[in-house]
Amino acid sequence: MLNLLRNRKHDYYFLFLFLLNIILEKSNYITFPLSTFINKEEFKPLYFNDKNTGNVVCKYWIPSLLYPTLLVDPEYEIGQGLVYLKRKFKTFCPAILMTEELEIYLYENATFNENNLILSKIRNIVPVDDCFFGLAQKGNYDALNESEINLIKLKNDNRIEKKIFSFDKWNIKKETITSNLYLGDIHQNFTSNNGIVANCTVTTQDWGCSFKQMNFNNKIIELTMDNGTYYKIYFSSENHKIIFPESFREKFNKTTNQVCQEDKKSEGISCPNLFDSSQNFIPLKLINENMTITTQIDNLLRFNSSQEDNKKTRITFENIECFILPLIMFKQFHVQFDLDNNIISFFTTDKSILELMKKEEDPGRQDENESSNTGTVLLIIFIIIILILLLGFGVFWFIKKKRASAENINKYNKFDEDEQNFQNMNEKVF
């Protein structure tokens, strides 16, 4: 009986820990497996398969950080079941190219678990071969209504709980690269203490962070514009192009002592003296008041064997006033985009690629944090007390039940013993 009681206690402890884990770490995100192939003629971005509906518009969707709705190319057959909204507008579409104005037509489309998202179709003849699943904020798309943006529409229709999504660290194999897109809630990596998390605040219109400096080839380059403000850095998932602003070219070349040269015949600059024989990427550090984050600039040969130049990068200069850095540079990080709180977060367990800046907190903020932490601790303590009481009640009930059973057995045995004694006395009398 004692052993049985001990085993029951272990069961209660397991149940207690299981419930506590659910309460503290529950996340309601949807997981989309992402993948792409290595050593193909064209190294495609990560994409997910559309298996949610029978009326599939696109078999593969590339998550888009620069466009807010579904987007298909001008030659794509829309098919039946789509309602044309009789509305079109002109815009610059950074998911495709940065400088050309495009004419966009809007449709209602049943996709993503039969949710009626807005489908945009380009009317211009532009080199677009892919389908994009928009994850951007409203940005500069003034002709779009708030309710037409994917994240907002999914939240309003109760398809997702929060306007939050994240891209997991890349898993690089011999022939494939895999990752995950988590949509609808905070991933537990960003609420646990199992790694390093750094944050940057963004505006309500875009996914851009500000960094003050860049460390390239052990040279510090200031990221200030001619007017004294900092360049905005945007993140892209539509392709692997690394885009620097044209106004940054002279500063970059001067600071790096012309270490990289531009090839007039093709896109991308070559850095022949920077790629080590043991490595096929160049580290690039981004620095602001919160963090120093180390990204990777790969040579073209790393994931595409059809390329011939292993000294060439994907860096190009375009006539824009911002940086656009693809997720391939952040492949070693889990990157989360939080539209509810306008924060981009980076997670890693590798201290060598993410360093948090130490800074003194103002007393008011410190008191606020302490108050928040105290409230969290009290809530956890309250939950633990409730679970302990339930555990204690369960153990008490179990012991009481066993004692009652034992008392009944003892009474029954005593009754049998008295009856036997009485029979023995009768036998002696006769």
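Since every read-out is calculated from the coordinates, none of them should be taken as a lab result. Bear in mind that the values here come from a model prediction, so they are computed numbers and not experimental data. Positions of Cβ are generated from backbone atoms using ideal geometry, with glycine treated the same way; all protein chains shown enter the neighbour counts.
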Review point. How far is it, in nm, from the label point at Gln213 to the one at Thr256 when both lie 7 Å from their Cα along the line to the Cβ?
Key: 1.8
Practice item. Report, by chain and number, residues whose modeled amide H sits under 5 Å from the one on Leu119, excluding near sequence neighbours (fewer than 5 apart, same chain). Key: Tyr107, Glu108, Asn109
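If you add up the charges near Ile282, with Lys and Arg at +1 and Asp and Glu at -1, over every other residue whose beta carbon is less than 10 angstrom from its beta carbon, what do you get? Write out the running numbers ahead of the final one.
Numbers: positive: none; negative: Asp276, Asp298.
Cβ neighbours under 10 Å give a net charge of -2.
I'd like the FRET efficiency for Glu321 and Leu378, computed as 1/(1 + (r/R0)^6) with the beta carbon distance as r and R0 of 45 Å, rounded to 0.05. It would help to have the intermediate numbers written out before the result.
Numbers: r = 48 Å, r/R0 = 1.07.
So the FRET efficiency works out to roughly 0.40.
Once the piece of chain linking Lys311 and Ser277 is laid out straight, how much longer is it, given 0.36 nm per residue of separation minus the C-alpha distance between them?
Length gained between Lys311 and Ser277: 11.2 nm.
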Study note, to complete from the structure: Expressed in nanometres to one decimal, the distance between label points 7 Å along Cα→Cβ at Arg249 and Lys174 is 4.3
Exercise for review: Using the structure shown, select from Lys173/Lys311; Lys121/Lys169; Lys173/Lys264 the pairs with a Cα to Cα distance greater than 26 angstrom.
Suggested key: Lys121/Lys169; Lys173/Lys264
Revision key, fill the gap. Exposure-ranked with fewest Cβ neighbours within 10 Å first, Ile242, Ile385, Ile164 stand as Ile385, Ile242, Ile164
Point to revise | In range of the label at Asp226: residues from the stretch 239-259 whose backbone nitrogen is under 15 Å from the point 7 Å along Cα→Cβ | key: 245-252
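Using 0.36 nm per residue of separation minus the Cα-Cα distance, give me the extension gain between Ile30 and Asn145 in nm, one decimal. Spell out each step's value before the answer.
Working: separation 115, 0.36 × 115 = 41.40 nm, distance 2.50 nm.
Length difference between fully extended and current span is 38.9 nm.
Starting from 0.36 nm per residue, how many nanometres of slack lie between Ile385 and Lys40 once their C-alpha separation is accounted for? Write out the running numbers ahead of the final one.
Numbers: separation 345, 0.36 × 345 = 124.20 nm, distance 5.78 nm.
Going from the current span to full extension adds 118.4 nm.
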Point to revise | Cut-off under 5 Å, modelled amide H: who pairs with Gly134 long-range | key: Ser64, Thr69, Leu70, Leu71
Check your understanding: Shape call for the stretch 195-359 from the C-alpha gyration tensor, a ≥ b ≥ c root eigenvalues: rounded (a/c under 1.5), prolate (a/b greater than b/c) or oblate?
Key -> prolate
